[in-house]
Each structure stands twice: as C-alpha cells, then as structure tokens.
Amino acid sequence: MRVLIYELKKLISYRAFLFISLVCIVMGALSSINNIRTADPAPGDYKRIASEIANMSESEAQEFFQQQFDEIFSEHPENSQYSGVAVSNSKTQFDLISGYGEFLDSIKENCKSITSISIFADKDSFAYRNTSKIEQAYENIKIKTLPLDVSQGVENILNNNISDILILFTIFAAAIFIFTKDKEIGIINLLYSYPKGRSRLCLNKIGALFFITVILNLLFMAVLTIISISTYGLGDLSRPIQSVNGYLECNFNFSVGEYLVVSLIFKILGSFLWSILFALICILSSNNAQIYGVSALISVTEVLLYNNISRISNFGLLHDFNLVSFIKPDNIFFTYRNLNIFGYPVNALLIISAVWLILTVAVLISVNVIYAGGKNQEYKRIHISIRKHSSAKVHKRLNYAFRKSLFLQGSLVVIVIWAVLLSMYHYNFSKPASPYDMYYKQYTTDYAGPINENTFNIIKQDEQYFADLDSKMMNGEFTTSEMNNYQSEQNRKSAFEDFKLRVEAIEDIDNTEIFYDLGYIRAFCVNSSDEFKEMALLIIFICALIISPLISYDNGRKLTTIIYSTTTGKKSYIKRNILITLIYTAAASFAVMIPYYINILLKYGTQGGNLPINSIKAFASFPIPITVWQFALGLFILRTILFSLISLIMLAVSFKSKSRFTAVLINITIFVIPAVCIWL
Amino acid sequence: MNKLEITQLNKHYGKKQALKNFTFTFTDGIYGLLGPNGAGKSTLMNLITGNLRPDKDNGKIFWNGEETMVLGENFRRQLGFMPQQQNLYDSMTAFDFLGYVAALKGLDKKKSVGYIHEVLKRVELEDSTDKKIGGFSGGMKQRVLIASALLGEPKLLIMDEPTAGLDPKQRVIIKRLVSEMSKEMIVIISTHIISDIENIAKEIILMKTGEIIGNGTVQELVDELPLDEKNLENLYMHYYGGE
C-alpha cells in the first residue's frame, strides 16, 4: 500500500500528466457542450415537454404533440413554444415507449412463430434454444408501461465517444508515466535490486493505474453529468432504463440511476483492461517511439474492427470480443442477445464478461512476469550496443539536423503512424451520391461550353416547366403518382436554380464557360469548410509533434550552449531549424492536400481546369484573371504559407522550452486543441 | 561472517562475452574492482544484484551457501546497491525518495522514518531532507543514492563509482563511512579513482575483458610490480596503461 501511494504521488508530481488530464477533461466538456448546441437549439425544451405531458393520457399527449407541430409549421413558427427538434424527438420517443407493452407481446409472438416453423423447430438447434432463452429473458421484466422523461441528458452521459477516446488517451499517458519513466531516467536497475522492487512493485504500479483509471472515469462522468443536468436535465433517475432512447429492448430491471452506476463500473473495468495492455506495451518496448507506434496500431485496428464489423455478421465475434466493446456497456445491455457457442446460445453479457476476465488475467500475468523477469532491460542494452556500431560517416549539418529529428527525437515513427492514418483518410474519400448532384451534373454537362442562346432557351423552357408544376401543385391537380414525381422533381428544380444563377452570374464575363464544377466547389470549400478543417487538423497535429522537439530537445540536454559556442553558432542553428520546419510543413501540406485534390479530380472529373476561375459562380467577381488550375495552385500555396507561419510559432515555442515534453504540450494546447474544437 | 561465492560465471551480450568464467569468494570487508571501461565490472555487479541473469547453465552465485536466484527476495533484503551516477525522481524530496526506497526494501513503516533521518545524517544531507532532488547538485544526488543503499542495514553493499561527482571532503566522509561499516558486511566497490580504495580495500580484483587478471591485497599486488615506484597507480598503468 505504501508503494502504491508513492507511485500515485510520483504520477501526480509529473506536471505534464496533470496538464494532459486537465486538457482532456476540458476537451471532453467542450465537445459535449458543442454536440448539445448543434443537436438541439433549446435543450431545456425536453424537460418542459416531459413535465407538460406527465399527467396526460396517451390521446391527450398525441393531441398535445399535434398542436405543437401545427404551431411549428404555421406561418409564424417563431411563436411556437418549443423547438421543432425537441418536439419531433420527444414525439418519436413517446411513440416508442407508448408501444412498450406491444413490444413485449411481439417478442413472445415472434418466439412462438419461430419455434413453430419447421426448420427452427428442431429442439437441438441453436435457433430453437436461442428463441426459448429470449422468451425467458423478457418474461423477467417487471415493468409494463414506461413514462416519458428527458432521455437526451442520460444519453449524453452514456454515449459519448469523444469522452471515451479522451479517457483512453489519458490512461495511456498514465501508463507511460507509471511504467516507462523509471526506464527513461535509468532508475529501474536500482529499483530492481530491492526486495520488493520486482513483482510487488509491478503489482503496486498496476494498483496505481487502476486507481487512476477509476478517478479518470469518475471525473469524466462527473463533467458529463454536470453538463447534462445543466442542459437537458436527467429526469427521474428511478424510472426504468427502457424509457431512455435506445434502451427499449434492454431486458434488465434497472432504473436509470442504477444503469448509470452499472455502466460506470463496466467502463472502469473495460478501460482497466486497456490500461494494463498499455502497461504491457510500455514494458515490452525499448523506446517511446515503439510505445506510441504499437499502441496506435492496436487502438486503430480495434476501433476499425468494432466500427466496420456488425455484431450480426459472420465475424461478429471480432466486434464483441473487441477492446472497444469492453468500454461500451451499451453493446451488452441495449438488448438481450445470445452468441452461438458450439450450437448453444450463451448470453452476450456472460460471455463478454468471461472474455474480459480471461484477457485481464492473461495481461496482468504477462505484465507481472515480464516486469519481474526484467528481460526488457537486457534487450535495451543489446539494442544500444548495436546502435554504437552504426556508420562512422561524417555528414552535412542539415543532414545531422534531420537525422536528429527523425531518429533521436522519434519523429520517423510519428510520421509513419501519421502516414497510415492519412492514407486511411484519403482512402475513405467518397463522392456523395445525391439526386441534386446528378441533376446539376446533367445541366452543366449537357449545356457545357460558352453561354449562348441555347442556354437561355433551356433556362426559359425549364423555368416554365417548374412554374407549371408548382401551379398544378397549388391547385391540387396531382394524382398520387404525380405527387411522388413532384417530390423528386424538387431535386432537379434545386439543381436548375443553381445552374440558372450561375449562368446569370457569369454571362457577362469574358471567356467564362459552363462546366461541371461541383468538384472545385468542394475543393475550394465554397459551401462547407469541414474538409479543410479536417486537413488543417491533420497538418497541425503532425507539425506539433515533429516540430516541437526540434530545439527543445537540445535545450533539455543543455546542448544548445555547446552548439551556440561553435563556429557556425546560434544563427546558423536556428536557420537550419527554420529550414527543417518549413520542409516538414510543406511536406505535410503536400501529403494532405495533393492527394485530396487528386481524389477530387478522379471522382468529379478534370473538366474546366483551364477556364477562368470566374466561370464558377462563387468566384464570378474574383478580381484576378486566372484559370481554375492556377487558383487551385494559389490556394494550395496560400494554405501552405499559413501552416508554415503556424509551424514557425511552434518552433518559437520549442526555442523557449526547456524540455521537448513541455514544447509538445504547449503547442498541442495552443494549436491542436483549438483545431479539434473547431473541427468538432 | 558473510560469504558471497561466485563460480564459473559467464555473460554474453549477443556475440560479445562480457564476463568469462568469473570465480571468486568474498567475505566481510571491502573489495575494490579495478579495470577500464568494458572490463565487465558493471556486468558483474548487475549479475550479483540479479538485474541481469547469467548465461543459461553458466555459473552460479551463492549467498552464505544458498543460491541467490533461489533466495530471491530474501537475498535482496541483505543487499544495498548503488548504481553508477544516474537520474533520480526530480520532483520528489530526498525524504520521499528514501521513503519510497524503504517501502520497496520492505522496512517497517514506523521505523523507516528513523532510518531515513539516520542515513541522511550519515551522508550529511540532514538539512536537505525536505528539498526536491531536482534542485540538488550532482554530488548531493550521489549522496542520496549512497543513503538509499545504506537503508535497511545491508550485509552486502555494492557500489559502482560511489565517489564520482563528490568533492574531496565528501569523498573522505564516504570513505570513512564505508570503512566503518565494512567490519560486518561485504562491500564491493567498482571505481576508477584508485585513492578511494587504496587504503581501505581488503583486496583488489583487477579485471580486463571480462576476466580476472589479478587479485590480492594492495601490498601483494604492488609488490609484484617490476617497477621501482611501487604504488596502486603504477599498478593500474602497468596492467591497463596501453588502453
């Protein structure tokens, strides 16, 4: 116990750890607030609606909702009492919980009908056994009716992916501090010589990690709870969990309050498995770069498997027996389900818990055995001795500066991991298939080229066509099929309107032409800057990681005093680092933006690239006479200059910092976190 | 009387053999390990402390007749180890650091406070008890390390370059301290500073490329020198001067 307290004291004494924890908690809070703000203009409305209909009968409640909808869709929606989103969501929720009794009956009926169908009626089959178990599971539910209460507040606490990621990141940082700092400062040999410096110390370190995991989960949940209470409210915590969105099929007799506690316990246990896995990686790795690389690889793989494999597919076990699944209690509790284990239905809760237990015990034993065995220490020595025999060549100063950055500061590993993430980002590029896009492409391709009489004739013709359609609609002259057709023609109308506006905007400008320009509109962020925000985040993130250590690494080792005293001196040293900064930034900018442009051209086509930028409506009044290609190039250069300026500020931070850790943290705080918040 | 017996100890790092058939028996008193870098001194110390394992089926270490690997924690309870100059936890105070070491040594919580104050006094750090190690000079950090090795009254004290970074006055204090304690324990000191062990060592072990190339009392070794001026420095130059 004494050692555990010392381990915790040590951890808390690292300012960097406290900083990371604080920043992650703040980020979690900001993202939650932002999610609520964007999802609901008036989150307090849910509480008011719920209390309004609390004592109403079902028909009265339905009437109340109809009344609210009438107000919202009236000529003066500003007079309505509640926001449309809140009324609509509450109504959906009300319809679901009103039908809860029918839902329970339907399960029984389904089970009966399935067991009576001949192919499932074999009593030894998985389907038969499974159906019988499902029926039994729902028979245990004591509640028959559900009250309508605010669901969103509880959902905000339970389903917060960003908070989950931030908790894991903070736990990862804790594992690094607890398990690698001793190695990093070289004290592990000394600790290892003490009677309780091996297995016992390891167990205490794991204890400290568990304690921190509990505290972090509690802190994050407390923050989310405070935000939920102050926005949506949590409603009556003693009501059944089934009354919360998404938990209708839950077969446990939990109240909302009880479920929150159960969920927290599951999250703690799940994240503890993550924490000891990170600890194992820390023990097995001989340097920090390996720790970051292996941890990122495992985490990304697990997230991809969890997100891309459905629990009902043939590979569903990869979804359920997944590290992500262990921190998502909803995956177990949202419905009753069994997994097929050699033909026998075994409850998901039981088997996922068993797998968690086996994995936890296995990882705990591995951590303890490897730590106490101390094999990693020997590995480190061999590793160093191999390095000592590396080439004896003398290189140019810039070459040394790059080698120092890539190998000594571990930037190479960071770049490799980033490159993997970046290729996934580019690989996932897609062109959304929308009817609007299809019609707009049709207009701009069919009437591509200079604007002429034909263009105006078509505009007149289609204008007349849509006017006729609208008047028919107003006069109620449509049959049902014509009505459906009218709905789909709205997309074409919208595309036509944009085509017409573009023609009107550019008709008087010399050399402009019509061409399909949605790709350029997307690339130049005319309608949405979301993709630019994503790309900016990718560039800023990598720059923060690789530029921050450039000078701070030398500052930390007091090498700058030696470097400044050399013939080439301080100026040359700083110039070299500025050059490296600019090269890194340009390379990152190139790696992020050029494949993006290429993807755009591949998906949307290269038409119109040599025509004036004024051919695109949004740039009709652009004052400089350049082509679309030139504009794209100019934009790329301008963005790269902007990122270079940011990178130079990062370098200035590095220059002022005495440790690379501090420099990275400051740059992340100044640039990456705001970028994340803007992106979210 | 304590006895540390090493028989046929071998250690390889990859293809490089760091220790070759090392065989020696230590009893109470101070032993000086002399040799240039790469002679195998630190490897030997790490093998004794159990930080490294010898090559498979290649040598054993016995403490008072029992194998140290089998004794495990019970052996390490008798051990005080002071590695070569190294970093400590900068954000901890000297007292906290020694408290942590006391916990890892399994010392009684209540008695630990007294032990810590006592060792801090011995290394003349009693005024810096509650100061953070981050603000200590190299010599002060070295004394904290010595204090940590002395905690728990070990029977086997292994010190790697204990006086590196200390000023002459501190060297004398540490030398006296070690000399006083050596009556009832085995002290193995690895050093480059010959004067540190010249007058206190019971026996000197000369090592080169993982092997013992000579051992004996200071007098015996210098007497064998084929030189007019017979002292330990000339002995060192005689064996390692060409390196």
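The values are calculated or read from the model by the stated rules, or taken from the named source; none is laboratory data. These numbers were taken from a predicted model, which means no experiment stands behind them. Reconstructed Cβ throughout: ideal geometry from the backbone, glycine too, with neighbour counts over all protein chains shown.
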Quiz item: Do we have any residue at all in region A:192-202 that's modelled with pLDDT under 95, surrounded by fewer than 18 Cβ atoms within 10 Å (Cβ to Cβ) and within 12 Å of another protein chain (Cβ to nearest Cβ)?
Solution: yes
Practice problem: Just one of (1) under 30 Å from A:TYR14 (Cβ atoms); (2) surrounded by fewer than 20 Cβ atoms within 10 Å (Cβ to Cβ) trips up B:GLN8, so point out which. | Solution: (1)
Quiz item: Restricting attention to region A:38-51, does a residue exist that is within 29 Å of A:PHE342 (Cα to Cα) and loosely packed, with under 13 Cβ neighbours inside 10 Å?
Solution: no
Exercise. Determine, yes or no, whether A:ILE332 is closer than 30 Å to A:ILE157 by Cβ and of a type in the set (Val, Ile, Thr).
Key: yes
Practice problem: Take region A:236-250 and flag every residue that is surrounded by 22 or more Cβ atoms within 10 Å (Cβ to Cβ), polar (S, T, N, Q) and out of contact with any Pro (no Cβ under 9 Å at 6 or more places or on another chain). | Solution: A:GLN242
Quiz item: Restricting the search to region A:546-562, which residues are exposed (fewer than 15 other Cβ atoms within 10 Å of the Cβ) and either in contact with an Asp or Glu (Cβ under 6 Å, 6 or more places away or on another chain) or assigned to a helix (DSSP H, G or I) (or both)?
Solution: A:THR561, A:ILE562
Exercise. Return yes or no: is A:ILE165 closer than 29 Å to A:ARG337 by Cα and not in a helix (DSSP H, G or I)?
Key: no
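Okay, residues lined up against (1) modelled with pLDDT under 90; (2) under 25 Å from the mean Cα position of the chain (by Cα); (3) surrounded by 18 or more Cβ atoms within 10 Å (Cβ to Cβ):
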residue	(1), (2), (3)
A:PHE266	no, yes, yes
A:GLY270	no, yes, yes
A:TRP274	no, yes, yes
A:SER285	yes, no, yes
A:ASN288	yes, yes, no
Self-check item: Filtered residues of region B:213-226 (kept if loosely packed, with under 12 Cβ neighbours inside 10 Å and either touching a strand residue (DSSP E or B) at 6+ places or on another chain (Cβ under 7 Å) or farther than 17 Å from B:GLU203 by Cβ (or both))
Solution: B:PRO226
Self-check item: Residue check, B:LEU206 free of Cβ contacts under 8 Å to residues at least 24 places away in the same chain, surrounded by 18 or more Cβ atoms within 10 Å (Cβ to Cβ) and closer than 16 Å to B:GLY35 by Cα
Solution: no
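Residue-wise test of (1) within 14 Å of chain B (Cβ to nearest Cβ); (2) at pLDDT 85 or above; (3) surrounded by 17 or more Cβ atoms within 10 Å (Cβ to Cβ); (4) not in a loop (DSSP other than H, G, I, E, B).
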site: A:GLN136; (1), (2), (3), (4): no, no, no, yes
site: A:ILE141; (1), (2), (3), (4): no, no, yes, no
site: A:ASN156; (1), (2), (3), (4): no, yes, yes, yes
site: A:THR170; (1), (2), (3), (4): no, yes, yes, yes
site: A:ALA175; (1), (2), (3), (4): no, yes, yes, yes
site: A:ASN189; (1), (2), (3), (4): yes, no, yes, yes
Quiz prompt | Residue among A:SER32, A:SER59 that alone is polar (S, T, N, Q), in the same structural domain as A:SER163 (by TED's automatic domain parsing) and either more than 22 Å from A:GLU155 (Cα to Cα) or surrounded by 15 or more Cβ atoms within 10 Å (Cβ to Cβ) (or both) | solution = A:SER32
Self-check item: Only one of A:ILE36, A:ILE25, A:ILE20 that is under 23 Å from A:PHE94 (Cα atoms), of a type in the set (A, V, I, L, M) and part of a helix (DSSP H, G or I)
Solution: A:ILE36
Quiz item: In the list A:PHE211, A:PHE179, which residue meets the criterion of being touching a residue at least 24 places away in the same chain (Cβ under 8 Å), surrounded by fewer than 17 Cβ atoms within 10 Å (Cβ to Cβ) and more than 25 Å from the chain's Cα centre (by Cα)?
Solution: A:PHE211
Quiz item: Got a sec? Which helices (runs of 4 or more DSSP H) wholly within region A:397-488 have at least 1 residues that are among the basic types (Lys, Arg) and surrounded by 11 or more Cβ atoms within 10 Å (Cβ to Cβ)?
Solution: A:397-403, A:435-446, A:453-474
Quiz item: In region A:372-386, is there at least one residue being surrounded by 15 or more Cβ atoms within 10 Å (Cβ to Cβ) and modelled with pLDDT of 80 or more?
Solution: yes
Quiz prompt | Condition check for A:LEU18: touching a residue at least 60 places away in the same chain (Cβ under 8 Å), within 14 Å of chain B (Cβ to nearest Cβ) and under 25 Å from A:ASP164 (Cα atoms) | solution = no
Exercise. Name every residue in region A:601-618 that is within 36 Å of the chain's Cα centre (by Cα) and small (Gly, Ala, Ser), in order of residue number.
Key: A:GLY605, A:GLY608, A:GLY609, A:ALA618
Quiz item: Out of all the residues in region B:23-80, which are of a type in the set (Gly, Ala, Ser) and free of Cβ contacts under 8 Å to residues at least 40 places away in the same chain?
Solution: B:GLY50, B:GLY72
Practice problem: Return a yes/no flag: does region B:124-145 have any residue that is touching a Pro at 6+ places or on another chain (Cβ under 6 Å) and on the phi > 0 side of the Ramachandran plot. | Solution: no
Quiz prompt | Within region A:565-580, considering residues that are exposed (fewer than 15 other Cβ atoms within 10 Å of the Cβ) and of a type in the set (Ser, Thr, Tyr), the one farthest from the chain's Cα centre (by Cα) | solution = A:THR567
Self-check item: B:LYS132 within 14 Å of another protein chain (Cβ to nearest Cβ) and either without any contact (Cβ under 8 Å) to a residue 12 or more places away in the chain or in contact with a strand residue (DSSP E or B) (Cβ under 7 Å, 6 or more places away or on another chain) (or both)
Solution: yes
Quiz item: Counting residues that are touching a helix residue (DSSP H, G or I) at 6+ places or on another chain (Cβ under 8 Å) and at the interface with another protein chain (Cβ under 8 Å from one of its Cβ atoms), which strands (runs of 3 or more DSSP E) fully inside region B:18-120 reach at least 1?
Solution: B:79-82
Exercise. Specify which of the listed residues (A:ILE600, A:ILE646, A:ILE583) is assigned by TED's automatic domain parsing to the domain that holds A:TRP418, of a type in the set (A, V, I, L, M, F, W, C) and surrounded by fewer than 18 Cβ atoms within 10 Å (Cβ to Cβ).
Key: A:ILE583
Practice problem: Go through region B:166-208 residue by residue and tally those that are of a type in the set (D, E, K, R) and part of a helix (DSSP H, G or I). | Solution: 9
